């Protein structure tokens with residue numbers, strides 16, 4: 001006879017729901033879903049996800065044997081996601097953070113309806129969405145309103161239409177090269193976040209054959225932002241020798257509460273850096289255009305005079321080598 005009973009061996013079944021929820025929240029969601037084999041109590045619990053405060057789904061972390069990464073594996077991932085969320089038809093009142101990274105596709109639409117339910121009826125504080133390959137039209141209502149959302153990240157292949165957005169609790173917003181976000185929708189999104197304190201925006205295009213102009217990084221106007229990170233990296237030349245300088249006519253930053261600025265990108269023709277009296281710390285990485293190095297007799301593109309004037313009250317300045325060269329060329333040092 002065994003020295004310990006079956007119940008003694010199944011210590012997990014004796015744990016309170018609060019502890020089980022913390023355990024499940026700390027492991028990858030795919031692992032959490034599969035843990036029903038570990039405990040008789042967990043097998044009987046038809047709604048394990050109601051115990052967790054964090055859900056994270058990442059297609060790149062899912063490996064299907066004998067299948068290459070592509071549409072087949074992507075469909076299987078979305079099937080797994082749909083099945084998992086069907087087992088939790090009503091988002092948990094405990095759910096505080098939801099992350100999704102996937103390749104995209106038509107099957108993903110039901111997922112966003114579930115996310116909307118989590119935002120509308122729960123306590124969701126963080127939402128991170130990344131679509132890596134195929135365009136997804138994000139439902140308008142997803143960015144309409146939320147009284148609890150504090151942190152939002154949108155990355156890559158999303159198409160957004162923002163109308164009457166109001167996110168009164170949002171303090172951190174990351175827009176990471178969102179391909180389907182035009183300037184007007186971007187401006188409406190920023191204006192709908194009245195207490196926004198941190199903004200991280202990138203316009204990075206690795207494919208020179210896809211020359212979308214900078215959107216989010218050309219203009220930042222907010223009375224509440226304290227920390228701003230901007231990165232714009234457009235290809236210098238396309239396969240057809242098309243210059244991307246024409247997309248860099250003016251960059252504008254107007255943020256009276258701004259304390260920290262990290263700015264990286266090719267030099268714009270002009271800058272309007274206004275109302276930056278609170279600014280203390282600046283990092284500049286101004287990238288020079290290639291034609292300056294190829295044709296040394298041609299003047300360096302752009303004028304950073306207004307940029308330098310706008311940050312003249314700071315206490316700390318970090319400059320990249322190109323930034324120093326540009327400021328010297330303008331007789332700033």
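The values are calculated or read from the model by the stated rules, or taken from the named source; none is laboratory data. Owing to the predicted nature of the structure, the values given are computational and were not obtained by experimental measurement. Here the Cβ positions follow ideal geometry from the backbone for every residue, glycine too, while neighbour counts run over all protein chains shown.
Looking only at segment 204-231, how many residues end up being modelled with pLDDT of 85 or more and farther than 20 Å from residue 166 by Cβ? Qualifying residue count, segment 204-231: 8. Residue count for segment 118-133 under the criterion of being at pLDDT below 80 and over 13 Å from residue 55 (Cβ atoms): the result is 2. Take the residues in segment 171-198 that are in contact with a helix residue (DSSP H, G or I) (Cβ under 8 Å, 6 or more places away or on another chain) and assigned to a helix (DSSP H, G or I); name whichever of them is surrounded by the most Cβ atoms within 10 Å (Cβ to Cβ). Taking the candidates together, the pick is 189.
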